[in-house]
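Okay, structure first, notes after.
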Amino acid sequence: MDERSEKPLLIFDSGIGGLTVLREARVLLPDRRFVYVADDAGFPYGDWDEPPLRERLVSLFGALIAAHDPIACVIACNTASTLALDALRTAYPAMTFVGTVPAIKPAAERTRSGLVSVLATPGTVKRQYTRDLIDQWATKCEVRLVGSVTLAALAERYMRHGFVDEAAVRAEIMPCFVEADGRRTDIVVLACTHYPFVVNRMRKMAPWPVDWLDTSEAIARRALAIVPRISEEAAIERHDDVAVFTSGIADPVTRRLLQGFGLTFAAGSVAAK
Ligand code: DGL
C-alpha cells in the first residue's frame, strides 16, 4: 500500500467548530484516517491580537506536523485561516493547507436583494483578508460585517450540554438583518465553523427567512480534491480517529461528544508558545 494512504488528514480549529467540517470530510473520504485538533487552550480566537495569534499558529503547526505527519492540514477555522494561511504555507512549504474563508463570492453570486451579511468572530470581521474578498467579489452588493463575541462559545456550550440561550442567539444575529429601500438581507454567511451547530436556533430567531451559507461541505470537497482517495483494495482497517486538545484536558462531557463524532480523546497536550 502507498505510504501516503496511511497518513491522516488533520483538521484544525480553535475548538469544536471544525467538527462541522470533519463530519462532511468523513462522508467524502470514508477510508481516510483523521486527526482532529482543537486549540482549546487558545479558544476563543476571535479577540486575539493578530501578531501573537499568527505566531502561535505557526509554532503549533510545527509541533502538529512533526507529531502526526499528516497528508494535509485543513484549517477549519475562518479566524485562523484569514490570519495565518500565508504564514503557514511559507513556514511549511512541503505541507498542503486547505483554508476556510468567508463565503463572500458565492453569497454575492446568489443574492437577489444585493444585501448580504457576514456573521463571524470579531477577528475575521476585522481582517484585511475579509475586506479583500469583499473588494474582489462583492462590489455590486452591500455587505454588512457582523462580529459576534459570544456565538462560538454559545455553540460550544450547546454541543456539550444541549442548551442554548435563544435570546442571546437572537441578539447576536439581529445586526445581520438589514432593510433598505424595500430590500432585505437575503443571505447570511456563516463565517465561523462553530455556527452551523446552532443554525436551527438562528433560523428560529430570525426576523425573516434568509439563506444561511455554510461552507463545511465546500471545504471538505476541497480536501477531497487534493487528498488521494484510498482505493477499495487498499482500504485500510478502520483506525480510531483521534482528537487532540492543546490543553491536554477533556472533561467527560467533551469526551462523550467526541465519541459521538467517532473520535477518541488523545491524552497529552501539544506545545505552543
Ligand atoms: N471556529 C472558528 C472560526 O471558524 C472561531 C471560533 C473562535 O475561536 O472564536 O472562525
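Yes/no per residue for (1) crowded, with 18+ Cβ neighbours inside 10 Å; (2) of a type outside the set (A, V, I, L, M); (3) at pLDDT 90 or above; (4) closer than 19 Å to ARG26 by Cβ:
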| residue | (1), (2), (3), (4) |
| --- | --- |
| TRP208 | no, yes, yes, no |
| TRP212 | yes, yes, yes, no |
| THR215 | yes, yes, yes, yes |
| ALA234 | no, no, no, yes |
| LEU263 | yes, no, yes, yes |
Here are some conditions: (1) within 16 Å of the ligand (Cβ to nearest atom); (2) farther than 25 Å from LEU10 by Cα. THR100 meets all but one. Which one does it not meet?
-> (2)
Taking VAL74 as the residue in question, decide whether it is away from the ligand (no atom under 12 Å from the Cβ), modelled with pLDDT of 95 or more and crowded, with 24+ Cβ neighbours inside 10 Å.
-> no
Would the range 51-64 turn up any residue that is part of a loop (DSSP other than H, G, I, E, B), within 14 Å of the ligand (Cβ to nearest atom) and in contact (Cβ under 8 Å) with a residue 24 or more places away in the chain?
-> no
(1) part of a helix (DSSP H, G or I); (2) touching a strand residue (DSSP E or B) at 6+ places or on another chain (Cβ under 7 Å) all hold for ALA225 apart from (2)
Looking only at residues in the range 21-42 that are touching a Leu at 6+ places or on another chain (Cβ under 9 Å) and assigned to a helix (DSSP H, G or I), which one is nearest to the ligand (Cβ to nearest atom)?
-> LEU22
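Per-residue answers, yes or no, for (1) buried (at least 21 other Cβ atoms within 10 Å of the Cβ); (2) acidic (Asp, Glu); (3) in a loop (DSSP other than H, G, I, E, B):
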{"site": "SER81", "(1), (2), (3)": "yes, no, no"}
{"site": "ALA84", "(1), (2), (3)": "yes, no, no"}
{"site": "ALA94", "(1), (2), (3)": "no, no, yes"}
{"site": "THR100", "(1), (2), (3)": "yes, no, yes"}
{"site": "LEU119", "(1), (2), (3)": "yes, no, no"}
{"site": "THR124", "(1), (2), (3)": "yes, no, no"}
Output the number of residues of the range 177-231 satisfying the condition of being within 16 Å of the ligand (Cβ to nearest atom), of a type in the set (A, V, I, L, M, F, W, C) and within 25 Å of ASP47 (Cα to Cα).
-> 12
Qualifying positions in the range 132-156 - loosely packed, with under 15 Cβ neighbours inside 10 Å and not polar (S, T, N, Q) | ASP132, ASP135, LYS140, VAL149
Quick count over the range 102-116, residues being touching a residue at least 40 places away in the same chain (Cβ under 8 Å) and buried (at least 21 other Cβ atoms within 10 Å of the Cβ), is 7
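Quick check on the range 21-64: of everything there that is of a type in the set (Val, Ile, Thr) and farther than 21 Å from THR130 by Cα, which residue is modelled with the lowest pLDDT?
VAL27
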Name the helices (runs of 4 or more DSSP H) wholly within the range 132-210 that hold at least 2 residues that are in contact (Cβ under 8 Å) with a residue 60 or more places away in the chain and under 16 Å from the mean Cα position of the chain (by Cα)?
-> 151-161
Within the range 118-129, the residues that are closer than 18 Å to ILE187 by Cβ and within 11 Å of the ligand (Cβ to nearest atom) are LEU119, ALA120, THR124, VAL125
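The values are calculated or read from the model by the stated rules, or taken from the named source; none is laboratory data. Computed from a prediction, not measured in an experiment: that's the story for all the values here. Using ideal geometry, Cβ is built from the backbone for each residue, glycine included, and neighbour counts are taken over all protein chains shown.
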